[in-house]
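Okay, structure first, notes after.
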Amino acid sequence: MIDQPTDKPSDDESIEHLRPILMEMGLISEDDLRLITKTGNITRQDWRKRRTHFPYVRLGNRYYYPIKLARDYIEQRIEKKYPQTEDAIL
């Protein structure tokens, strides 16, 4: 039987036990970013290759993304559809 590539890590590759450490370090895993952005492996590989979108750090054979920089990037991409005025009341 041939192994088929997937976007989901196998049980032995799971990093769930590392999540608290990553959060303390201010990082999210590539799986977390995949869930947030709804993107595939090829898209994220292309982003890293072109050095666009999210800054990352590679540790071993895994990629992690600084939460603050990912948040900043996402906030910069928020569409400003409505003019902001000082008189605006929510």
Exactly one of these conditions fails for HIS17: (1) surrounded by 10 or more Cβ atoms within 10 Å (Cβ to Cβ); (2) at pLDDT below 90. Give me its number. (1)
Pull up region 50-87, narrow it to residues that are in a helix (DSSP H, G or I) and modelled with pLDDT of 90 or more, then point me to the one that is surrounded by the fewest Cβ atoms within 10 Å (Cβ to Cβ). ARG50
Being basic (Lys, Arg) and outside any helix (DSSP H, G or I) is the filter here, so list the residues in region 12-49 that pass it. LYS38
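Taking region 42-82 only, how many residues are hydroxyl-bearing (Ser, Thr, Tyr) and more than 19 Å from LEU22 (Cβ to Cβ)?
Taking region 42-82 as the starting set, the residues that turn out to be hydroxyl-bearing (Ser, Thr, Tyr) are 43, 52, 56, 63-65, 73, 82.
Those left that are additionally more than 19 Å from LEU22 (Cβ to Cβ): 43, 52, 82.
Final tally of qualifying residues: 3.
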Selection from region 26-39 of residues that are over 20 Å from ILE78 (Cβ atoms) and either surrounded by fewer than 14 Cβ atoms within 10 Å (Cβ to Cβ) or touching a helix residue (DSSP H, G or I) at 6+ places or on another chain (Cβ under 8 Å) (or both): GLY26, LEU27, SER29, GLU30, ARG34
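The values are calculated or read from the model by the stated rules, or taken from the named source; none is laboratory data. It should be emphasised that the depicted structure is a prediction, and the values quoted were computed from it without experimental measurement. We place every Cβ from the backbone using ideal geometry, glycine too, and count neighbours over all the protein chains shown.
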